[in-house]
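The values are calculated or read from the model by the stated rules, or taken from the named source; none is laboratory data. Note that the structure is predicted; figures quoted are calculated from it, not measured. No Cβ is skipped: glycine too gets one built from the backbone with ideal geometry, and neighbour counts run over all protein chains shown.
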């Protein structure tokens, strides 16, 4: 009897057989630009499929041609990434932004309307606001907590309802952890779809990674990742991924071929290594984050904590969406210190264990100041509207011992309190020698 194995088991070998590579247990790095054909006829057949001149046969294997089109490390990585999200296909990229921009360029045309959630990651926001309009694409944002009726009305009032092509979501939002109801957005997309034109729903799932949220199960057509984050998990690669149906990903891969932004063999190999510990890392990070978020909530120098695990039924639709859509509160915590930029900077400048750096999802804990760093390009009024204040700090929780992390947060918060004229320290942090 054949057993359906779990993804964490399949991460060790799925898509690869040792006999393909001299019995090597792990997939080697295929550091080559090109591949030899068995015959001219085989080369012709490979190119026919690669360039969409004909459909691949039922038992036909996609042939290796050139590493801009395909490479064993890339293909095996793509196969394994489909397992967590239950996707038919995956396209891997050399960065998260290359995955995002390729998708937007492939599925949006001049005159189309893109409806997107706020706030967005700074890089995505810049592309949406400053690049897509150059190509004649109209963009329309909506606020966190918007209802289905509000979104329908927003699209209708734009006068471009017949040109709505995509609803683009980032949920939870970076850096505020605001949630967007994916199923609700699917209903909005369906409202404006026709038999000739389906309005797509694309979701940036980087913040919760492939373990803690599965957008395809809630009606999304495409899922996007900065694989640099949890999938890579070691702050040593830049990569991205897009997952969805075989039909849609074939279009994404076709454009990727000509943009040349595919993942490199060595990067693909590094991500294959990282996938083997993905669940272990993410579960430890989430466990640490839940402890720290609760303690931060009770700390006298902290004004407010944004963390999914702190949502309660009193939070209404946000709580309902979290319970329905997410399998874990994740490991991203944002919080406001009492005061403003001066206090936030004092806190960040006195961290000793946690690194002051952007990015997220890696084994080490990182902290940064969104208003002046990752979201510096946003207009001041947008930052204010979406809660990206001068006092906001974003924390990506790693796998360190949780008590060491809490000691670091406590002593840095005490320093933040010392620079604030309105703050009176209410406790003395425990001291701990650093080796």
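Filtering region 334-358 to residues that are under 15 Å from residue 423 (Cα atoms) and in a strand (DSSP E or B) leaves 336, 337.
Here is a yes/no grid of residues against (1) in the same structural domain as residue 401 (by TED's automatic domain parsing); (2) free of Cβ contacts under 8 Å to residues at least 40 places away in the same chain:
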{"site": "245", "(1), (2)": "no, no"}
{"site": "299", "(1), (2)": "yes, no"}
{"site": "310", "(1), (2)": "yes, yes"}
{"site": "316", "(1), (2)": "yes, yes"}
{"site": "319", "(1), (2)": "yes, yes"}
{"site": "336", "(1), (2)": "yes, no"}
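Scanning region 25-55 for residues that are in a loop (DSSP other than H, G, I, E, B), closer than 24 Å to residue 247 by Cα and at pLDDT below 80 turns up 51, 52. Of all residues in region 116-133, none satisfies being modelled with pLDDT of 95 or more, surrounded by fewer than 17 Cβ atoms within 10 Å (Cβ to Cβ) and not in a helix (DSSP H, G or I).
Among the residues of region 386-416, those identified as within 16 Å of residue 338 (Cβ to Cβ), surrounded by fewer than 21 Cβ atoms within 10 Å (Cβ to Cβ) and out of contact with any helix residue (DSSP H, G or I) (no Cβ under 6 Å at 6 or more places or on another chain) are 387, 389, 410, 414. The test for being closer than 15 Å to residue 213 by Cα and either touching a strand residue (DSSP E or B) at 6+ places or on another chain (Cβ under 9 Å) or at pLDDT 95 or above (or both) does not hold for residue 298. Candidates 12, 74: the one that is surrounded by fewer than 16 Cβ atoms within 10 Å (Cβ to Cβ) and either under 26 Å from the mean Cα position of the chain (by Cα) or within 18 Å of residue 89 (Cβ to Cβ) (or both) is 12. The listed residues are 22, 60, and the only one of them that is modelled with pLDDT under 80, out of contact with any strand residue (DSSP E or B) (no Cβ under 9 Å at 6 or more places or on another chain) and at positive phi turns out to be 22. Does residue 268 fit the bill of being in the same structural domain as residue 71 (by TED's automatic domain parsing), on the phi > 0 side of the Ramachandran plot and either at pLDDT 95 or above or buried (at least 23 other Cβ atoms within 10 Å of the Cβ) (or both)? When the stated conditions are applied, residue 268 does not pass them.
Looking across 201, 188, one residue alone is part of a strand (DSSP E or B), outside the structural domain of residue 307 (by TED's automatic domain parsing) and either modelled with pLDDT under 95 or crowded, with 22+ Cβ neighbours inside 10 Å (or both). It is 201.
All of (1) in the same structural domain as residue 74 (by TED's automatic domain parsing); (2) closer than 18 Å to residue 75 by Cα; (3) without any contact (Cβ under 8 Å) to a residue 60 or more places away in the chain hold for residue 23 with one exception: (2). Of all residues in region 269-276, at least one satisfies being within 21 Å of the chain's Cα centre (by Cα), within 23 Å of residue 240 (Cα to Cα) and not in a helix (DSSP H, G or I).
Inside region 77-96, residues that are surrounded by fewer than 19 Cβ atoms within 10 Å (Cβ to Cβ) and either part of a loop (DSSP other than H, G, I, E, B) or touching a helix residue (DSSP H, G or I) at 6+ places or on another chain (Cβ under 9 Å) (or both) make up a count of 2. Scanning region 98-115 for residues that are touching a residue at least 60 places away in the same chain (Cβ under 8 Å) and surrounded by 20 or more Cβ atoms within 10 Å (Cβ to Cβ), we see that the one that is farthest from residue 152 (Cα to Cα) is 98. Got at least one residue in region 278-289 being in the same structural domain as residue 392 (by TED's automatic domain parsing), modelled with pLDDT of 95 or more, surrounded by fewer than 20 Cβ atoms within 10 Å (Cβ to Cβ) and part of a loop (DSSP other than H, G, I, E, B)? No, there is no match, as no residue in region 278-289 is in the same structural domain as residue 392 (by TED's automatic domain parsing), modelled with pLDDT of 95 or more, surrounded by fewer than 20 Cβ atoms within 10 Å (Cβ to Cβ) and part of a loop (DSSP other than H, G, I, E, B).
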